[in-house]
Amino acid sequence: MTNSPAAWTLVLGRTAEKTLERMSPKDERLVREALEAMRADPRSGDVVPLTAQPASFRRRAGNWRIFFDLYPERFVVEVVDIVRRSTTTYRRRR
């Protein structure tokens, strides 16, 4: 088992930042709580690895999905996108 720092570095992509700015206060609070939990352990919660997708993982936060990549060698979580769950959420992401 490797030693992990107290917190992972969370990097929000531009798309994710813009989505957060446009959310309702209730949804924003829910997603920000999930993001803060990811700082301690990015694989905790409802996290599923994705196949054939640029973003390696997704985390569920209510009706929202947080798509992110992990860089364990640097303890970095890069949030690629945050989207509301719909029928097209899991189509191949660019």
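Overview of values
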{"item": "Residue match in the range 66-78 (condition: within 15 Å of ALA7 (Cβ to Cβ), surrounded by fewer than 17 Cβ atoms within 10 Å (Cβ to Cβ) and among the β-branched types (Val, Ile, Thr))", "result": "yes"}
{"item": "The range 44-71, subset part of a loop (DSSP other than H, G, I, E, B) and free of Cβ contacts under 8 Å to residues at least 12 places away in the same chain, residue farthest from LEU12 (Cα to Cα)", "result": "THR51"}
{"item": "Selection within the range 73-84 - assigned to a loop (DSSP other than H, G, I, E, B) and in contact (Cβ under 8 Å) with a residue 24 or more places away in the chain", "result": "ARG74, PHE75"}
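Yes/no matrix, rows are residues, columns are (1) in contact with a Cys (Cβ under 6 Å, 6 or more places away or on another chain); (2) at pLDDT below 90; (3) more than 23 Å from PRO25 (Cα to Cα):
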{"residue": "VAL48", "(1), (2), (3)": "no, no, yes"}
{"residue": "GLN53", "(1), (2), (3)": "no, yes, yes"}
{"residue": "PHE57", "(1), (2), (3)": "no, no, yes"}
{"residue": "GLY62", "(1), (2), (3)": "no, no, no"}
{"residue": "LEU70", "(1), (2), (3)": "no, no, yes"}
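The values are calculated or read from the model by the stated rules, or taken from the named source; none is laboratory data. Because the structure is predicted, anything quoted here is derived from the model rather than measured. No Cβ is skipped: glycine too gets one built from the backbone with ideal geometry, and neighbour counts run over all protein chains shown.
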